[in-house]
Structures are given as structure tokens and as C-alpha cells.
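Trainee: Have a look at this one.
The values are calculated or read from the model by the stated rules, or taken from the named source; none is laboratory data. On a predicted model such as this, the values are computed, not experimentally measured, just so you know. Quick reminder, even Gly has a Cβ in these numbers, built from the backbone with ideal geometry, and neighbours come from all protein chains shown. Just the protein is used for accessible areas: all its heavy atoms, side chains included, with ligands, DNA and RNA removed. Shrake-Rupley method; radii C 1.70, N 1.55, O 1.52, S 1.80 Å.
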Amino acid sequence: MDAAATELADRVRALLMSEPGLEEKRMFGTRAFLLHGRILVGTRKEGVLLVRVTEEKGAALLTEPGVSIAVMGAKTMGPSWLDVAPTAIENDDALMSWIDAARESAGA
């Protein structure tokens, strides 16, 4: 993980530290944050946030600035896995809105 990914992980951790059932793991080249065993978000190189949502929600969120379908290695992941650019999560309110989108989808 680079410095930007580490900083983003620290921000995510601070926002979610009191969340019951939260687990943090290193997986797929990211620092992943899981809720009850399901990936919510991950922090990637250069401070990119990986967000897991439903396909329907992902398709709608792809219209947001700085959002693209995640690519891991040579594989494009599909609309339920989104990369959110650092410019779209510059403050904690913006970051929390993406975490909330993932949390809502986890309950769907």
C-alpha cells in the first residue's frame, strides 16, 4: 500500500471504528473493510476507494464524477465494484456518503 492508500485507510477506520461487526483485512491488493464478512470498501493505490454496491446502484453511481468500474489486474469487475477517485472523497462527508452507499447495498 502506498502513502495515499494508508491515509485513506486511516480515514475509513476512523469513520467506522464503532461499527459492530466491522473487520479489516488485507485482500486483493487493498486494505478491505468488511461488515459481517461482506466487503464494504477497500483502499487502493493512490488513495482510490473501492466500493461494493448492488449492480443497480452501481449503474446509477457511475454517472458521478470520479467514479469508474473497478479493474483488478486484467479483469473489469462490473458495476457492483466501483473505484472512486481521491478527488471525489476529499472530505469526510463525501467519504462517508460512499461508505453509506456500500452499507445500504450490504443490507439489500
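Trainee: Name the long-range amide H neighbours of residue 40: under 5 Å, sequence gap of 5 or more, or other chain; modelled H, no Pro or chain starts.
Mentor: Long-range HN contacts for residue 40: 33, 34, 35.
Trainee: Further question: Suppose only helical runs count, i.e. DSSP H with n ≥ 4. What mean residue ellipticity at 222 nm does that imply for the chain under -39500 (n - 2.57) per run, divided by all residues and rounded to the nearest 500 deg cm²/dmol?
Mentor: Working: 3 runs with 36 residues, N = 108.
The per-residue figure over the chain is -10500 deg cm²/dmol.
Trainee: In debye to the nearest 20, how big a dipole does region 1-61 give about its Cα centre with +1 on each Lys and Arg Cβ and -1 on each Asp and Glu Cβ? Write down the numbers at each step before the final one.
Mentor: On the way: 10 positive and 9 negative charges, 24 e Å.
In total the dipole reaches around 120 debye.
Trainee: Give me the one-decimal nm value for the distance between modelled label points at residue 68 and residue 18, 7 Å along each residue's Cα-to-Cβ direction.
Mentor: 3.7
Trainee: Under a 5 Å amide H to amide H cut-off, with H placed in plane at 1.01 Å, what residues pair with residue 70 once short-range neighbours are removed?
Mentor: 77, 78, 81, 82, 83
Trainee: Here is a further query. Could you sort 36-44, 77-85 so that the peptide with the highest average Cβ count within 10 Å comes first and the rest follow in order?
Mentor: Values: 36-44: 20.8, 77-85: 19.0.
Descending mean neighbour count gives 36-44, 77-85.
Trainee: What are the extents of the Cα atoms of the chain along their three principal axes, listed from largest to smallest and rounded to whole Å?
Mentor: Answer, in whole Å and largest first: 31, 30, 26 Å.
Trainee: Among 25, 75, 45, what's the order by accessible area (1.4 angstrom probe), most exposed first? Let's see the in-between values first.
Mentor: On the way: 25 85, 75 125, 45 150 Å².
Greatest to least solvent exposure: 45, 75, 25.
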